[in-house]
Amino acid sequence: MIWKSVNSRLIFRTSAFQLAVIYAALFLVSVLVLFGTLYWATIGSVSRQIDATIESEILGLAEQYERRGLNGLVDVLTERVSRSDDGGSIYLFADSGLRPISGNLRRWPSATPAADGQIEFETSLGAGQSTRYRANILSVGPNYRLLVGRDIRELVQLTVVFQRAAIWGVVAVLILALAGGVFMSFSAQRKLAGINRTARRIIDGDLSERVPITGTHDEYDELATNINEMLTQIEALLGNVRHVGDSIAHDLKTPLTRLRNRLESLAGGGTAMSPELEKCVAEADRLLATFNALLRIARIESGAFRTAFSTVNLSDVVEGACDLYHAAAEEKGISLNFKSKSVATMYGDRELLAQAIANLLDNAVKYTPRGGNIEIAVNDEPDHLELVVTDTGRGVPEADHDRIQQRFIRLDAARSEPGNGLGLSLVKAVTDQHRGRLVMQNLQPGLKVSMELPRGGIDSVVPAEPTTN
Amino acid sequence: MRILIIEDDKDVASFIERGLEQAGYVVDRAETGKDGLFLATTESYDALIIDRMLPGVDGLTIVRTIRASDIHVPVLILSALDEVTDRVDGLKAGGDDYLVKPFAFVELQARIEALLRRQTTATDSELTMLEVADLKMDLLRRQVSRGGTNIDLQQREFLLLEYLMRHVGQVVTRTMLLEAVWGYHFDPQTNVIDVHMSRLRAKIDKDFDPPLLHTVRGAGYRLEVEKT
C-alpha cells in the first residue's frame, strides 16, 4: 500500500536513492582496488617468478657461451633439455635463418616478440596437447639465437579463474549495492511518506492531524515527535487567536444589543421613529449581523454541529433555499433555475447546508446583472454529491478564488454591494465540516461555484486535488 | 396579562421587565430557579420567560416540572446557547419558543405576543378558514381571496400570509417568518424576506382598500386593519 503510493518516477529523485548510488560506486571502487591488490600479490608474483627463472637461465647460458663457446652451449642445452623432460622448460638454439640447431622445440615460434623481448606462444612438445609458454630470446654472437621459455599453463589457468571470480564478484557487489540502495530509498521514503501525508492534511486544513510514530526510536521517530509537538503548539496558538476573535465578537454583542434596545426605547415605544434614529438602529443591526455571522462561522468550525448531523435530502434543502431567493432574483429580472429534482441524500446538517446555499444564492443574485441567469444543480457523482451554482455575473479573478473564502475579504468590485465579507467564509466552513471541497471556476461570463460533498459526511472525504490556478 | 421572568442576570431581567411593563403587561421577577419554580406553580401567569441557565434549579428542569404538574402556560426559553441541539432540547423539555441571547426587545415582545395569541386560539389547528377584514384564506382548498376576488399565491407566499393571518394585529419579525415558513434559524445575508413581503403586499393590498400589511420599522410586519 505504501510502496504503491510512492511514485516510482520520483524514487530516482530522492536523496536516499542518490546516496545509495554514490555508496554503490564507492563500494565498486574499493572492490576493484581489493581485486587489484590480490592480483598483484598472487598472479603478479607468480608471473614475476617465472620471468626471473627465465632471466636467470638465459644469464647462465650466456655465461656458458662466453666461457665454452658454441659447442659448450649446445652441450649444456642438451643436458638441460634431457633434465626437463616434463616439458616445464623449453629451449631452442637456432641459426640466423631461425633454423633449429638444438633444443626441445621443433621450430622457431612465429609470434612476434613484445617490446621487452618476451614472447608468449602455444605449442606442443611431443604428441601431447599444446601448452602456453613464455620465453625470452638471446642473441648469441652475430649468427645465432637462443630461446629460453617456461610453461605458463598454470599461470594462465590461475588468471582465468581469477578473472572469472573478479567479474562475478563485481557483478554481485553491484547488484547488492543497487538493491540495498533501492531498499534504503524505499524505506526512507516510506518513513517520510507518513510525515508528508500529515503535512498535506494540515495544509488542507485539518490541524488535528499528527505524524504517526513507529516506536523504533530512530531519528525519524525523533523528527515525528518534534513535528507533532510543533503542531500541537501551532494548533494551540491558532486556537487562542480564534478564541480571542470570537470572544471579542461575543463580548461586544451584548452591549451592542443593549445599545440597539436603548435606541429603540429612545423612540418612545411608538411606531414612528425619526429617520436619524432609524439609521442608527439599522447600523446597529448591521453590526450585530456581522458579529452573528462571525460567531456562527466560529461555531461551525468548532465542529459543534457535527453531533447533530443526520440524513438530509440535498435536493430538498436546495429547493427551500431557492424558494427563499427566487423572489429576490425575479425582482432583479434574473431567472433562477434549479435543475435536478431527484433525491440526493447525504449525511449532514440541513440548516448549515441551507445557509451555505442561501449565501451562494445571495452572492449570485447580488453580482449577476439584470436579465442574467442563475442555474443550480445537484449532481449525483460516483463518490460525492456536487452542488453547483452558476451565474452570469462578472465572475471573480482566478487569483482571488482562495482569498475570497477568507473572513472579511471583499474585492474592490464588490464594495458597492451590501455585505460583510463573511458569506463565502461560512460556505467554506460548512463545506469543511461536511469534509467536502469548495471549487470555483470562471466561466466568462459568470462564476461557477461547486460544493463537492461526500455522502457519508464525517467519514468520507472528497480527495484533495492540486489547485490549478 | 401577567408574565413571570425567571432570570438571574439583573440587567437582562430589568430590561425585559421595563419593556413589557411599557407594553402594558404585569411583570413578576424571580432570580433563582427555586423561587421561579415556586412562583410558576403557585401563581397564575399568562406566559413565562425562563433563562436556561440558572443557579440552583436550571431552566429546563423548571419547564419539565411545571409541564409535569399539568400547567400549560406558554414558555419562552432564553439562552446563550445556539446549537440546533440546544434548541431541540429546549422545545423537547416543554418550551414553546426559544430565543437566543442577546436579543432585540422587539423580537422578545413579538414572540411573547405570538405565544399569548397561541394560548387564546388554541383550536387554531381546527380552523379551516382565516379572515382578516375582507381577506379570506381557505386552508382546505388552499385558496385566498379578497373582496370576492381570487388571489393567486405561490406556496411560500401562502404560508407567509397564513402565519400573518394567524397572528393578526401582532408584530411578526423576519426571524419568526423565516422560522415558521422555512424552518431556518439563521439570518440570510440580505433581507430576502422583505422582497417576499413586498410581493405579497402587491398581491393582497395593491388593488384593495384599506391596506392590511404594514411594515413595523426596526421590527418586522403586522397584518391588520389599522385603526385611524
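We did not get these values from a lab; they are worked out from the coordinates using the rules stated. Small disclaimer: the values here were computed from a predicted structure and weren't measured. Don't worry about glycine lacking a Cβ; one is built from the backbone with ideal geometry, like all the others, and counts go over all protein chains shown.
The lysines whose alpha-carbon is closer than 22 Å to the alpha-carbon of B:LYS206, local same-chain residues fewer than 8 away aside, are A:LYS332, B:LYS136, B:LYS227. Where both bridge residues fall in segment A:250-408, DSSP classifies roughly 75% of the beta bridges as antiparallel. When both bridge partners sit in chain B, DSSP labels roughly 50% of those beta bridges antiparallel. Between B:LEU159 and A:ALA179, the simple spin-label model (points 7 angstrom out along Cα→Cβ) gives 7.2 nm.
If each residue's Cβ is checked for other Cβ atoms within 10 Å, how do A:THR123, A:THR198, A:THR368 rank with the fewest at the top?
A:THR123, A:THR198, A:THR368
Shown here: chain B, whose C-alpha atoms stretch 58, 36, 36 Å along the first, second and third principal axes, sorted largest to smallest.
The modelled label-to-label distance between A:LEU32 and A:GLU120, using points 7 Å beyond Cα along the C-beta direction, is 2.2 nm. Take every pair of alpha-carbon atoms less than 8 Å apart whose residues are at least six positions apart; their mean separation over the length of chain A yields a relative contact order of 10 percent.
For A:VAL160 and A:ASP75, the FRET efficiency from 1/(1 + (r/R0)^6), where r spans their Cβ atoms and R0 equals 35 Å, is about 0.35.
Can you tell me what percent of all Cα-Cα pairs in segment A:205-305 are more than 24 Å apart? So the portion of pairs separated by more than 24 Å is 51 percent.
Tell me, what is the percent relative contact order of segment A:212-341, built from C-alpha pairs under 8 Å that lie six or more residues apart?
18
Within chain A, antiparallel bridges make up roughly 90 percent of the DSSP beta bridges whose residues both belong there.
Fewest neighbouring Cβ atoms within 10 Å first, the residues B:MET1, B:MET176 line up as B:MET1, B:MET176. The distance from the alpha carbon centre of segment A:137-179 to that of segment A:29-62 is 10 Å, rounded to a whole number. Excluding the site residues themselves, the longest part of chain A lacking any trypsin sites (Lys or Arg not before Pro) in a DSSP loop with at most 10 other Cβ atoms within 10 Å is A:14-369.
For B:LYS101, a cut-off of 28 angstrom between C-alpha atoms picks up these lysines, skipping any fewer than 8 places away in its own chain: A:LYS253, A:LYS279, A:LYS428, B:LYS10, B:LYS34, B:LYS92.
The mean sequence distance of close C-alpha pairs (under 8 Å, at least 6 residues apart), as a share of the length of chain B, puts its relative contact order at 12 percent. Of all the options B:VAL144, B:VAL88, B:VAL132, the one that moves most in a Gaussian network model of chain B with Cα springs shorter than 10 angstrom is B:VAL88.
Rounded to 0.05, the FRET efficiency of the B:LYS34 and A:SER187 pair, given R0 = 60 Å and the Cβ-Cβ distance, is 0.30. Subtracting the Cα-Cα distance of A:GLN233 and A:LEU19 from 0.36 nm times their residue separation leaves 73.6 nm of extension gain.
One decimal place: the segment A:ASN196-A:THR307 gains 36.9 nm when fully extended, by the rule 0.36 nm per residue minus the C-alpha distance. Packing here is the average count of other Cβ atoms within 10 Å per residue, and on that basis the peptides A:37-47, B:21-31, B:101-111, highest first, run B:101-111, B:21-31, A:37-47. Return, ordered by residue number, the residues of segment B:8-39 whose backbone nitrogen is under 16 Å from a label point located 7 Å along Cα→Cβ of A:ARG258. Under 16 Å, as judged by backbone N against the label point of A:ARG258, lie B:8-19 of segment B:8-39.
Residues B:TYR184, A:TYR144, ranked from the fewest to the most other C-beta atoms within 10 Å, line up as A:TYR144, B:TYR184. Across peptide B:5-12, the mean count of Cβ atoms from other chains lying within 10 Å of each residue's own Cβ comes to 1.
Label point of A:ALA282 set 7 angstrom out along Cα-Cβ; within segment B:175-200, amide nitrogens under 17 Å from it belong to B:189-195, B:198.
Which residue, B:GLU17, B:GLU43, B:GLU162, tops the fluctuation ranking in a GNM of chain B built on C-alpha contacts under 10 Å? Answer for the Gaussian network model of chain B: B:GLU43. Between the Cα long axis of helix A:219-266 and the first principal axis of chain A there is an angle of about 10°, rounded to the nearest 10.
For A:LYS339 and A:TRP168, the FRET efficiency from 1/(1 + (r/R0)^6), where r spans their Cβ atoms and R0 equals 60 Å, is about 0.25. Under Stokes-Einstein, with the Kirkwood radius over Cα pairs standing in for Rh, what whole-number D in µm²/s applies to segment A:47-141 at 37 °C and 0.692 mPa s? It diffuses with D of about 236 µm²/s by this estimate. Please report the spacing between the Cα centers of segment B:1-35 and segment A:233-311 in Å, no decimals. Distance between centres, Cα-based: 24 Å. Binning all Cα-Cα separations of chain A at 20 Å, short to long from zero, yields these whole-percent fractions: 16, 28, 16, 11, 13, 12, 4, 1. Computed over the alpha-carbon pairs of segment B:124-223, the distance histogram in 10 Å steps reads 15, 52, 29, 4 percent, short to long. For segment A:306-453, the spherically averaged projection of the C-alpha convex hull amounts to 8.3 nm².
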